[in-house]
Amino acid sequence: MTLFSEFSSVQAGLNTGLESAPEAIQQMHREARALLPSVAMPTRRTESWKYSFRRTAGLETLGLASSNQSSTSITDATTRYAEDIQALVLPFTNGLLCPQAITKANERDGIKIQRFNEVNESLAAEILAHAQKNDRGEFETLNRSLSNHAILITITKNVKVETPLLLQYIQQGEGLSLPRVFVQQESGSELQVIEDFISDDANNSAWVSHTDFVIGANARLTYYRMNLNGKQQALAGTTRCILKRDAALESHSLCLGADLGRHDFHVLLTEPGANCDLNGVCVTRNKEHFDNHTNIEHIAPNCTSNENYRCIADDASQIVFNGRIHIHRDAQKTLGSMSNKNLILSSQAEIDAKPELEIYADDVKCAHGTTIGQLNEKEVYYLKTRGLSDDQARQMLTLGFVLEIVRSAPITELADAWESCLADILSFRD
Amino acid sequence: MLEIKELKATVEDKQILKGLNLSVKAGEVHAIMGPNGSGKSTLSQVLAGNGAYEVNGGSVDYQGKDLLELSIEERAREGIFLAFQYPVEIPGVSNLQFLRTAMNNIRQHRGENEISAAEFMKLAKEKIKQVNLDASFLKRGVNEGFSGGEKKRNEIMQMLMLEPSLAILDETDSGLDIDALRIVADGVNALRSPDKAVIMVTHYQRLLDYIVPDFVHVLAGGKIIKSGGKELALELEEKGYGWLGIDADDAK
Amino acid sequence: MSDSEKAVKDLIKREYEHGFVTDIESDTFEPGLNEDVIRRISEKKGEPEWMLAWRLKAYKAWLEMEEPEWAHVKFPKINFNEIAYYSAPKSKTDGPKSLDEVDPELLRTYEKLGIPLHERARLAGVAVDAVFDSVSVTTTFKEKLTEAGVIFCPMSEAVHKHPELIKKYIGSVVPQKDNYYAALNSAVFSDGSFVYIPKGVRCPLELSTYFRINEANTGQFERTLIVAEAGSHVSYLEGCTAPMRDENQLHAAVVELVVMDDAEIKYSTVQNWYPGDEEGKGGIYNFVTKRGACIGRNSKISWTQVETGSAITWKYPSCVLRGEGSVGEFYSVALTNNFQQADTGTKMIHLGKNTKSTIIAKGISAGKSDSSYRGLVRFGPGAENARNYTQCDSLLIGDKCGAHTFPYIESKNSSAVIEHEATTSKVSDDQLFLCQQRGIDAEHAVSMIVNGFCKEVFKELPMEFAVEATKLLEVSLEGSVG
């Protein structure tokens, strides 16, 4: 089965504005569209979808989500943190960014937001080259083929943006949304970005998102990603971070289950001194699913990577974790460590883990550890000596298992929101 | 309050306690001393109900109940508190959350109402100050990243919060500097009252300068071989265990 | 060039010492593979009809199958019609009845390899089946084993003498269609060893098969089957060497183990096939399927392997832990040098309650080689309280090699506990400096460090093999301090 082949007929009407786009942007779309008919849906034999291919069933029949939805940012219990931290909100309704938000954001110092269709020729050429060089995989091609509403965010050199940028992806009604964002951080800049996927829980809806970050020399990005509500939809997103000399990336993601939950997270340490610190928590229940694929490419020497993912699967849900560290031939003096710990709470749940190391340089220190298993009985005992029941002790430790990671997020308001959400899910009442 | 008769216990099929007798009345402070490997920690763990230790003889009566029949948490709710020699670190579970759950369980068991959040916070801040730890410790994971001395003080803080009837301190003094030792001792002394009892398991006489015991017992080879008043501790300090006919290495 | 580099380089350069060719007249098939070739192999061995039918079924399946491409190895496509599928030393009779009838040239070959077959000089306590190209030359200590009720004979003999056992167990663990190379083996397998340990018997000797490829342009396709009945125990060792030739030669073996209640099989391999030269020319393609089924309660399989040879290794000795309380172990050292490529590891399939597995895998890469650990640990819904511990460590020597880890961990059981750890490191200049400062030369120091790195695995080997393995590692590493 080929992926979304019937799109070619539908899309013509949606590509408004593309004719006036710079030639490189038009070329980017043409190339991706030419590829689409030949891109196949993942099968059992597709290594990167080995454990999740079944979850993609039916996706190819989806049409595009309506672009005529009201574009407002959403505030409910799960998004209240946004006010607490006074985030600069960029709402994307069904993949399209609200124009007023662009105007508003551009009033800020150091931030420039433009549509791909409106960028100048040289920027367009850069965007094209970047996509040609890096985009891989079925879903990235799909996103690119219809991403003419994609936006470019540029952060000016040496500017420290105090306000977190909240990219709020709102899904209304059925169909596919294909948000695409390209963030260019010039050297020495600092930025916090939150990606929040919010859905009205319609059946047959899906996101195929794509976010690129180029983090310039000595620049710093703190990146948050979450989907606190919405249980029906499919969410297949790619994040790609390219780090220059001495750049730093810190990421925190909270992945809650979906029909298909998938995050492909690529980090390319392309120049010496770059470092990344990836933290993730994934909790699923009922028949949900989430698949985290992280890929850290140590391309340059003297870079450091740290990764810490914790997963809990309950009921009949499934969690996949595939963590890859690839140390290229020249990447001497690399330090890489990855820890992935998992808990299975029910006899019907499943966890599949694949921590991979691919190493071509000898002077490196690299380690990974993965566990699937039970709570530490010494800890259970300690809590019980203080009068907690067995159930209470286990519940508290189960929540603690993921909170240890959540509490490391620098925006405490966000960590609080995540904590209350997790306490709810893991049915622990304070 | 506590009546231990001919208590025998094994760990990993090794017989550690070989018929231990001990009687503790409300209001008393007992010190249990003895060489390494004599069974001091085993006694503490058995009283708390650690499943790794198997009781294979004897009885323990605690306030008219058969203690050995009670689960770990039932013992805790009945007022037994063990201050661990090596408190475990539990990252991700905050001290506050943990203590409040523990406290409410114990209160519920006693037929009391749950403590309100505000009242609890007030109490917690008061007690943490008492053991000279910063209030920020309350928000951190249980013992997470605490130094040895901080862990011990945190144990005492928990004890002060939970107000046990019988506190068992398992080598709480080991590895403490003199200031920390004083803080721990003040905590224990604050707990002393006519309706509460304390068992201190210790290796050194030092702690007993600050918490003066009513009775001192020497534990060796899985039995209590000598009991006396506080002067016994001084004698031990002076003469070692040799004069009691114990070879310290032998006891291991 | 640092001292460590130089020491390793010097160490790697020593020659492959088993690379000689035995000059012996042989009966070898023309290269090529078709149904007729399979009929002729079967005919040569005088096999019954059912065995031929089994082979042909495998061949038909193989024709439909595709070569696996997922392994982290690169090599030009094999032309299966350029390989000869049968080669045997010519002898006057149908097969040597006693050692006196064996060609003295062959006996000299084994002597040279350190495996004397003569009664006088035999390895004490080890019964040997010597397989030369496609046939078994001789099996030692037959009487002593027969006394104990143990069957240890060439596969071709077992087909005749114990057809009921072969029919029952062949393909029961590795079915004909299991994978591409297993299917090929099932169609054209020549010889190999059959071992049967009756109920309650502890095999009085270590059993060993020594495989030798001699003829050019031939492949070796042996098949080994070991059945351990309830309460029995056996330790089995295999060794392998081949001459140095410029062409690549294919070795596609199948090993099946069946273990009943409370029985144990310990299977040790020291694999030293010709690895090719410094330029990466020649060497054996070692594509092997090894699997054991722990069928009985508390049964146990322990795989230990030291892989230093072969141009390419594709091998995953596995355990299917079906019986309650059964145990699977895998201890492996895989060393690659020059242009060698190894993709090896294990599969532990936990199906029964309280099953346990341990995986200790050590990969050492030197020169321009690539060494990969690929493993699967799977806990099925029925694997209550199952446990796995995995440790994969890689050591890199030089900056032109690669070391990789591809573990697959799958759990469908909430009571199971899996722990997996992997590390990678190098022989550091600091370590070398310390050794040198204490008066140990760099080359010796590297081999000490490497041996230390492998210690956990070597201690699992039977004594005779442990010594050989240690030496082998020194030889294989010669000159790798670059």
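The values are calculated or read from the model by the stated rules, or taken from the named source; none is laboratory data. Just so it is clear, the structure is predicted and the values come from calculations on it, not from any experiment. Because the Cβ atoms are built from the backbone with ideal geometry, glycine has one as well, and the counts that use them run over all protein chains shown.
Residue by residue through segment A:217-265, note down the ones that are in contact with a Ser or Thr (Cβ under 7 Å, 6 or more places away or on another chain), surrounded by 23 or more Cβ atoms within 10 Å (Cβ to Cβ) and not in a strand (DSSP E or B).
Passing the criteria: A:Ala219, A:Gln233, A:Gly257.
Take the conditions more than 20 Å from C:Asn413 (Cα to Cα), part of a strand (DSSP E or B) and more than 14 Å from chain B (Cβ to nearest Cβ) and apply them to A:Ala367. Does it pass? Step through it out loud before you land on a result.
On the way: more than 20 Å from C:Asn413 (Cα to Cα): yes; part of a strand (DSSP E or B): yes; more than 14 Å from chain B (Cβ to nearest Cβ): yes.
Against the criterion (more than 20 Å from C:Asn413 (Cα to Cα), part of a strand (DSSP E or B) and more than 14 Å from chain B (Cβ to nearest Cβ)), A:Ala367 qualifies.
Which residue is surrounded by the fewest Cβ atoms within 10 Å (Cβ to Cβ), if the candidates are limited to segment A:109-166 and must be in a loop (DSSP other than H, G, I, E, B) and among the polar types (S, T, N, Q)? Please lay out each step first, then the result.
Of the residues in segment A:109-166, the ones in a loop (DSSP other than H, G, I, E, B) are A:109-110, A:119-120, A:135-137, A:146-150, A:156-159, A:161-164.
From the residues that got through so far, the ones that are among the polar types (S, T, N, Q) too are A:120, A:147-148, A:156, A:158, A:163.
Values: A:Asn120: 10, A:Ser147: 25, A:Asn148: 22, A:Thr156: 15, A:Asn158: 14, A:Thr163: 15.
Filtering segment A:109-166 for residues that are in a loop (DSSP other than H, G, I, E, B) and among the polar types (S, T, N, Q), the one surrounded by the fewest Cβ atoms within 10 Å (Cβ to Cβ) comes out as A:Asn120.
Test C:Glu329 against the stated conditions and say whether it is in a strand (DSSP E or B), acidic (Asp, Glu), out of contact with any helix residue (DSSP H, G or I) (no Cβ under 6 Å at 6 or more places or on another chain) and farther than 30 Å from C:Ala445 by Cβ. Walk me through it before giving the result.
Values: in a strand (DSSP E or B): yes; acidic (Asp, Glu): yes; out of contact with any helix residue (DSSP H, G or I) (no Cβ under 6 Å at 6 or more places or on another chain): yes; farther than 30 Å from C:Ala445 by Cβ: yes.
Criteria met by C:Glu329.
Looking only at segment B:24-79, filter to residues that are surrounded by 22 or more Cβ atoms within 10 Å (Cβ to Cβ), among the β-branched types (Val, Ile, Thr) and more than 14 Å from every other protein chain (Cβ to nearest Cβ); which one of those is nearest to B:Ala220 (Cα to Cα)?
Per the criteria, the residue is B:Ile32.
Which of the residues belonging to segment A:375-390 are surrounded by 23 or more Cβ atoms within 10 Å (Cβ to Cβ), of a type in the set (Lys, Arg) and either more than 7 Å from every other protein chain (Cβ to nearest Cβ) or under 14 Å from B:Gly51 (Cβ atoms) (or both)?
A:Lys384
Restricting segment C:417-435 to residues that are modelled with pLDDT under 90, surrounded by 18 or more Cβ atoms within 10 Å (Cβ to Cβ) and within 9 Å of chain A (Cβ to nearest Cβ), which is nearest to C:Gly345 (Cα to Cα)?
Filtering segment C:417-435 for residues that are modelled with pLDDT under 90, surrounded by 18 or more Cβ atoms within 10 Å (Cβ to Cβ) and within 9 Å of chain A (Cβ to nearest Cβ), the one nearest to C:Gly345 (Cα to Cα) comes out as C:Thr424.
When you look at C:Ser190, is it surrounded by fewer than 19 Cβ atoms within 10 Å (Cβ to Cβ) and within 30 Å of C:Pro68 (Cβ to Cβ), yes or no?
Values: surrounded by fewer than 19 Cβ atoms within 10 Å (Cβ to Cβ): no; within 30 Å of C:Pro68 (Cβ to Cβ): yes.
Against the criterion (surrounded by fewer than 19 Cβ atoms within 10 Å (Cβ to Cβ) and within 30 Å of C:Pro68 (Cβ to Cβ)), C:Ser190 does not qualify.
Considering each of C:Ser371, C:Ser365 in turn, give the residue that is of a type in the set (Ser, Thr, Tyr), more than 9 Å from chain A (Cβ to nearest Cβ), outside any loop (DSSP other than H, G, I, E, B) and more than 23 Å from A:Ile372 (Cα to Cα).
Values: C:Ser365 fails: more than 9 Å from chain A (Cβ to nearest Cβ).
None of the other options fit; the residue is C:Ser371.
Of the residues A:Ala361, A:Ala415, A:Ala393, A:Ala353, which is part of a helix (DSSP H, G or I) and surrounded by 22 or more Cβ atoms within 10 Å (Cβ to Cβ)?
On the way: A:Ala361 fails: part of a helix (DSSP H, G or I); A:Ala415 fails: surrounded by 22 or more Cβ atoms within 10 Å (Cβ to Cβ); A:Ala353 fails: part of a helix (DSSP H, G or I).
Of A:Ala361, A:Ala415, A:Ala393, A:Ala353, the one residue that is part of a helix (DSSP H, G or I) and surrounded by 22 or more Cβ atoms within 10 Å (Cβ to Cβ) is A:Ala393.
Could you list, in sequence order, all residues of segment A:171-208 that are of a type in the set (S, T, N, Q), in a strand (DSSP E or B) and more than 20 Å from A:Leu128 (Cβ to Cβ)? Spell out how you get there, then give the answer.
Of all residues in segment A:171-208, those of a type in the set (S, T, N, Q) come to A:171-172, A:177, A:184-185, A:187, A:189, A:192, A:199, A:203-205.
Filter again for in a strand (DSSP E or B), leaving A:171, A:177, A:184-185, A:192, A:199, A:205.
Within segment A:171-208, A:Gln171, A:Ser177, A:Gln192, A:Ser199, A:Ser205 qualify.
Yes or no, residue by residue, for (1) polar (S, T, N, Q); (2) farther than 30 Å from C:Pro198 by Cβ:
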site: C:Tyr210; (1), (2): no, no
site: C:Glu215; (1), (2): no, yes
site: C:Ser235; (1), (2): yes, no
site: C:Cys240; (1), (2): no, no
site: C:Gln271; (1), (2): yes, no
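If you take the residues of segment A:341-350 that are assigned to a strand (DSSP E or B) and at the interface with another protein chain (Cβ under 9 Å from one of its Cβ atoms), which of them is farthest from C:Glu384 (Cα to Cα)? Outline the logic, then answer.
Narrowing segment A:341-350 to residues assigned to a strand (DSSP E or B): A:341-344, A:350.
Then keep just the ones that are at the interface with another protein chain (Cβ under 9 Å from one of its Cβ atoms); that gives A:342-344, A:350.
Working: A:Asn342: 17, A:Leu343: 15, A:Ile344: 13, A:Glu350: 14 Å.
Top of the filtered list is A:Asn342.
Could you grab me the full set of residues in segment B:111-129 that are surrounded by 11 or more Cβ atoms within 10 Å (Cβ to Cβ) and under 25 Å from B:Asp186 (Cα atoms)?
Answer for segment B:111-129, where residues must be surrounded by 11 or more Cβ atoms within 10 Å (Cβ to Cβ) and under 25 Å from B:Asp186 (Cα atoms): B:Phe120, B:Met121, B:Lys122, B:Leu123, B:Ala124, B:Lys125, B:Glu126, B:Lys127, B:Ile128, B:Lys129.
Which one is surrounded by the most Cβ atoms within 10 Å (Cβ to Cβ) among residues in segment A:418-430 that are outside any helix (DSSP H, G or I) and more than 7 Å from chain B (Cβ to nearest Cβ)? Outline the logic, then answer.
At the first step, the residues of segment A:418-430 found to be outside any helix (DSSP H, G or I) are A:426-430.
Cutting the leftovers down to more than 7 Å from chain B (Cβ to nearest Cβ) gives us A:426-429.
Values: A:Leu426: 20, A:Ser427: 11, A:Phe428: 17, A:Arg429: 7.
Out of the qualifying residues, it is A:Leu426.
For every residue, the table says whether it meets (1) modelled with pLDDT of 90 or more; (2) of a type in the set (Gly, Ala, Ser).
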site	(1), (2)
A:Gln132	no, no
A:Glu140	no, no
A:Ile153	yes, no
A:Gly173	no, yes
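Residues that are touching a residue at least 60 places away in the same chain (Cβ under 8 Å), within 18 Å of B:Glu73 (Cα to Cα), within 14 Å of another protein chain (Cβ to nearest Cβ) and among the aliphatic types (A, V, I, L, M): does segment B:94-104 have at least one? Walk me through it before giving the result.
Of segment B:94-104, the ones touching a residue at least 60 places away in the same chain (Cβ under 8 Å) are B:99, B:102.
When the remaining residues are screened for being within 18 Å of B:Glu73 (Cα to Cα), the result is B:99, B:102.
If we keep only those that are within 14 Å of another protein chain (Cβ to nearest Cβ) too, we end up with B:99, B:102.
Next, from what is left, pick out any that are among the aliphatic types (A, V, I, L, M): B:99, B:102.
Yes.
Given (1) outside any strand (DSSP E or B); (2) touching a residue at least 40 places away in the same chain (Cβ under 8 Å); (3) among the charged types (D, E, K, R), identify the lone condition not met by C:Arg291.
The failed condition is (1).
Which of the following residues is over 18 Å from A:Asp363 (Cβ atoms), touching a residue at least 24 places away in the same chain (Cβ under 8 Å) and of a type in the set (S, T, N, Q): C:Ser425, C:Ser415, C:Ser394?
Numbers: C:Ser425 fails: over 18 Å from A:Asp363 (Cβ atoms); C:Ser394 fails: over 18 Å from A:Asp363 (Cβ atoms).
Step by step, each of C:Ser425, C:Ser415, C:Ser394 is checked, and only C:Ser415 is over 18 Å from A:Asp363 (Cβ atoms), touching a residue at least 24 places away in the same chain (Cβ under 8 Å) and of a type in the set (S, T, N, Q).
Can you pull out every residue in segment A:117-134 that is in contact (Cβ under 8 Å) with a residue 60 or more places away in the chain and under 21 Å from the mean Cα position of the chain (by Cα)?
Listed by number, the residues that qualify are A:Ile127, A:His130, A:Ala131, A:Gln132, A:Asn134.
When you scan segment B:19-27, do you find a residue that is within 16 Å of the chain's Cα centre (by Cα), at pLDDT below 95 and at positive phi, even just one?
Yes; the residues of segment B:19-27 include at least one that is within 16 Å of the chain's Cα centre (by Cα), at pLDDT below 95 and at positive phi.
Mind telling me which of the residues C:Val327, C:Val306 ends up being out of contact with any Gly (no Cβ under 8 Å at 6 or more places or on another chain) and surrounded by fewer than 24 Cβ atoms within 10 Å (Cβ to Cβ)? Explain how you work it out, then say what you get.
Values: C:Val306 fails: surrounded by fewer than 24 Cβ atoms within 10 Å (Cβ to Cβ).
Checking each option against the conditions leaves just C:Val327.
Given the conditions (1) over 24 Å from A:Val402 (Cβ atoms); (2) out of contact with any Lys or Arg (no Cβ under 6 Å at 6 or more places or on another chain), which single one is not true for B:Leu133?
Unmet for B:Leu133, out of (1) over 24 Å from A:Val402 (Cβ atoms); (2) out of contact with any Lys or Arg (no Cβ under 6 Å at 6 or more places or on another chain): (2).
Write out, first by first residue and then by second, each pair whose Cβ atoms fall under 8 Å of each other, whose residues are 6+ apart or on separate chains, and whose first residue, in segment C:447-469, is of a type in the set (Lys, Arg) while the second is part of a helix (DSSP H, G or I).
Here the result reads C:Lys459/C:Ala466, each pair linking segment C:447-469 to a residue that is part of a helix (DSSP H, G or I).
Any residue that is crowded, with 21+ Cβ neighbours inside 10 Å and either within 25 Å of A:Leu399 (Cα to Cα) or more than 14 Å from every other protein chain (Cβ to nearest Cβ) (or both) - is there at least one of those in segment A:327-336? Give the steps one after another, and end with the answer.
Step one: of segment A:327-336, the residues crowded, with 21+ Cβ neighbours inside 10 Å are A:327, A:331, A:334, A:336.
Imposing the further condition that a residue be either within 25 Å of A:Leu399 (Cα to Cα) or more than 14 Å from every other protein chain (Cβ to nearest Cβ) (or both) reduces the set to none.
No - not one qualifying residue is present in segment A:327-336.
For C:Ala342, which of the numbered conditions (1) modelled with pLDDT of 95 or more; (2) crowded, with 22+ Cβ neighbours inside 10 Å fails to hold?
It is condition (1) that C:Ala342 fails.
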